[in-house]
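Data block below; observations after.
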Amino acid sequence: MKNIIYGIGTYQKDFQYVFRELLVDYYIDDMEMKEDNVFPLEYVLEDSDYRIIVCKEDIPSACQRLNKLGLKQGLDYVLAEELFGELNGTYYKTENQIPDKLVVWGTGKVSHQFQWKFPQKEIVAYIDSNYVGCVEHAGKTNTEQITIYNPKDIENWGDYFIVVAVNLSSEIVDFLEGKGLKRNKDFVTYNQITDTPAEMMKMVMEAPAKNYAFCSKPFEEAYIEVGGVTYLCCPYLLRDIEIGNLKESEFKEIWTSVKARIIRLSVIKRNFCFCEEELCAHFSRALSGKVERIEKVVLEYPKKAMISFDDSCNLKCPSCRKEFRFNNSNKLKQEMAEICAKKLKDVIPQIEMVSISGNGDPFYCDTYRKLWKNPSKEKRKYIRFQTNGLLLNEDNMEQIINGYETVELYVSIDAATKETYEKVRCGGSFEVLQRNMQLAAEMRKKNKIKDFAISFVVQRANYREMVDFVKMCFGFGVDHIEFWRLVDWGLYDSKEFERMSLYDNAGKIKPELAEILKDPIFQDERVNLNNL
């Protein structure tokens, strides 16, 4: 069957930008003479075995013209939006394709997201291997108590449809399939039913344009997080919308996936409908005048890659986690990290700038070391390390300087004294850190390191040392010092976090921190207060 597109213009370009694999035989439009591969509307009457796809802004008028030619909707022609569902393929499912009564596997953040997004679904039970009891659930009329079962205690697998609502779902999927359950028929994972390509496409095609500058991030950057989940921007700035997963696909497939195209289209159309505008600095200033369409070429590989798929670390910092996560301490996570490292091994050398971690330490994690070590005699271009600095010794320093043309170091320290350091960087040695920072300072002086930065997460335990911290960093000859407020990653209850934070629940700075920030040292151009 031939595919014929009715309409030439912005809507048609947007449609084909995403439906790249759709083979179009020719185009028709409201015109009298043929131009290139575009024919007058009546030309289609001479053809047979075709499907007309209406890509017009004024849909009622377009349908009226087709109807006048004796053509019928659903038989001879379809609206472009009627094809959006095809973008879901067999993997993604719509809300109507999952039962109204179901069981949710997981009781954490993802489970709460499911409850919030699908309030009309009746959750009859939860499954969690780490917790048994009851959980409060905000029902349609009141708060209900719903039982949580341990999977070991369940015998009647298959009685209810299951939504697997956890971040690392592969082990659970294997378990369910081992019980004879089938994906889509008996269960789905949460990422199969949320932010589906079909609903995203509808949103991006309908959202109005905004007067903001073009953003190149989705065309040039990739963020690879725990579990191999991949994004086109920092996840919390892009509503946690992933474009693929390294467990299920190769990187190049993910980079050009349907969801990646839709997100990029939102930037081309300048509606930025997936962006968190209140959190992103890109939206701090609107443009004046008409916004022009820009179609940026998608490169074979991203220019930048932010790698943070392994959270193994030699420290346990209260600002990040409550427990140590050593190499090989979690079999599932380690296997997933190994898959990521294997699939990225040949990709990393093709990327101009690589930033490793922010989740785990790049000099501690075995998987990260496999990626940043450069066995070739030819130097790679650019690497940026986010590290706690404890393993930034002479051996590792020599390897990175000899392996890369440009090296940046971003070291998180959070203290200016040994006593405080051992509180906020549990497992660390202040003496080792000082020695390694002196080494980094020497390499910066020799211009072996292009940029040297040190960061500090402000919290109740360390805020009194902020001034001394700046002085200490000046002594190391850093290029800049980054201060950040403490963020609640779901580790603490509200009262505990309120006690740790120097901001109240409304986000207002507490007077004791405000007093510290009056010191003129914070006016130095090397000091960045960021979200303080």
For this session: Could you tell me whether region 31-51 includes any residue that is free of Cβ contacts under 8 Å to residues at least 60 places away in the same chain, within 30 Å of Ala165 (Cβ to Cβ) and touching a Phe, Trp or Tyr at 6+ places or on another chain (Cβ under 8 Å)?
Result: no
For this session: Could you grab me the full set of residues in region 513-532 that are polar (S, T, N, Q) and loosely packed, with under 14 Cβ neighbours inside 10 Å?
Result: Gln523, Asn530, Asn531
Problem set entry | Search result, residues across region 469-512 that are buried (at least 18 other Cβ atoms within 10 Å of the Cβ), in a loop (DSSP other than H, G, I, E, B) and within 28 Å of the chain's Cα centre (by Cα) | Leu486, Ser501, Leu502
Exercise. Which fully enclosed strands (runs of 3 or more DSSP E) of region 1-52 have 3 or more residues being within 43 Å of the chain's Cα centre (by Cα)?
Worked result: 2-6, 26-29
Exercise. Looking only at region 154-173, which residues are assigned to a loop (DSSP other than H, G, I, E, B) and among the acidic types (Asp, Glu)?
Worked result: Glu155, Asp159
Exercise. Could we say that Asp195 is crowded, with 17+ Cβ neighbours inside 10 Å, acidic (Asp, Glu) and at positive phi here?
Worked result: yes
For this session: Report whether or not Glu335 is of a type in the set (D, E, K, R) and either crowded, with 22+ Cβ neighbours inside 10 Å or within 25 Å of Ile454 (Cα to Cα) (or both).
Result: no
For this session: Answer yes or no as to whether Phe452 is assigned to a strand (DSSP E or B), at pLDDT 95 or above and either touching a Lys or Arg at 6+ places or on another chain (Cβ under 8 Å) or under 30 Å from Ile401 (Cβ atoms) (or both).
Result: yes
Exercise. Taking the stated definitions as given, is Thr230 assigned to a loop (DSSP other than H, G, I, E, B) and crowded, with 19+ Cβ neighbours inside 10 Å?
Worked result: no
Exercise. Within the group Asp36, Asp49, Asp29, which residue is in contact with a Gly (Cβ under 7 Å, 6 or more places away or on another chain) and among the acidic types (Asp, Glu)?
Worked result: Asp29
Exercise. Do you know which of the residues in region 299-316 that are surrounded by 14 or more Cβ atoms within 10 Å (Cβ to Cβ) and more than 18 Å from the chain's Cα centre (by Cα) is modelled with the lowest pLDDT?
Worked result: Asn314
Exercise. Is it fair to say Leu391 is buried (at least 22 other Cβ atoms within 10 Å of the Cβ), in the same structural domain as Gly477 (by TED's automatic domain parsing) and under 29 Å from Gly477 (Cα atoms)?
Worked result: no
Exercise. Tell me, which residue of region 359-375 that is among the charged types (D, E, K, R) and not in a helix (DSSP H, G or I) is surrounded by the fewest Cβ atoms within 10 Å (Cβ to Cβ)?
Worked result: Lys373
For this session: Search region 136-157 for residues that are loosely packed, with under 10 Cβ neighbours inside 10 Å and pair each with any residue that is of a type outside the set (Phe, Trp, Tyr) and at pLDDT 90 or above when their beta-carbon atoms are under 9 Å apart and the residues are at least 6 apart or on different chains.
Result: Lys140/Pro119; Lys140/Gln120; Lys140/Glu122
Seminar exercise, completed: Restricting attention to region 174-189, the residues that are surrounded by fewer than 17 Cβ atoms within 10 Å (Cβ to Cβ), on the phi < 0 side of the Ramachandran plot and of a type outside the set (Phe, Trp, Tyr) number exactly 8
For this session: Give region 518-528 a look and list any residue that's assigned to a loop (DSSP other than H, G, I, E, B) and either closer than 24 Å to Ile449 by Cβ or touching a Leu at 6+ places or on another chain (Cβ under 7 Å) (or both), or say none.
Result: Asp524, Glu525, Arg526
Exercise. Among the residues of region 239-261, which ones are assigned to a loop (DSSP other than H, G, I, E, B) and charged (D, E, K, R)?
Worked result: Arg239, Asp240, Glu242, Lys247, Glu248, Glu250
Problem set entry | Matching residues, region 456-468, being under 15 Å from Val424 (Cβ atoms) and in a helix (DSSP H, G or I) | Tyr463, Arg464, Glu465, Met466, Asp468
Exercise. If you take the residues in region 416-452 that are surrounded by 15 or more Cβ atoms within 10 Å (Cβ to Cβ), more than 19 Å from Asp361 (Cα to Cα) and polar (S, T, N, Q), which one is farthest from the chain's Cα centre (by Cα)?
Worked result: Thr417
Exercise. Residues that are at pLDDT 90 or above and outside the structural domain of Asp153 (by TED's automatic domain parsing): which strands (runs of 3 or more DSSP E) entirely in region 70-131 hold 3 or more of them?
Worked result: 77-79
Exercise. Does region 445-479 hold any residues that are closer than 25 Å to Glu394 by Cβ, polar (S, T, N, Q) and touching a helix residue (DSSP H, G or I) at 6+ places or on another chain (Cβ under 6 Å), and which are they?
Worked result: none
Exercise. Based on what the data block shows, is Ser319 surrounded by 13 or more Cβ atoms within 10 Å (Cβ to Cβ) and not in a helix (DSSP H, G or I)?
Worked result: yes
Seminar exercise, completed: Of the residues in region 25-49, those that are in contact with a helix residue (DSSP H, G or I) (Cβ under 9 Å, 6 or more places away or on another chain) and surrounded by fewer than 16 Cβ atoms within 10 Å (Cβ to Cβ) come to Asp30, Met31, Lys34
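The values are calculated or read from the model by the stated rules, or taken from the named source; none is laboratory data. Nothing here was measured: the structure is a model prediction, and the numbers come from that model. Reconstructed Cβ throughout: ideal geometry from the backbone, glycine too, with neighbour counts over all protein chains shown.
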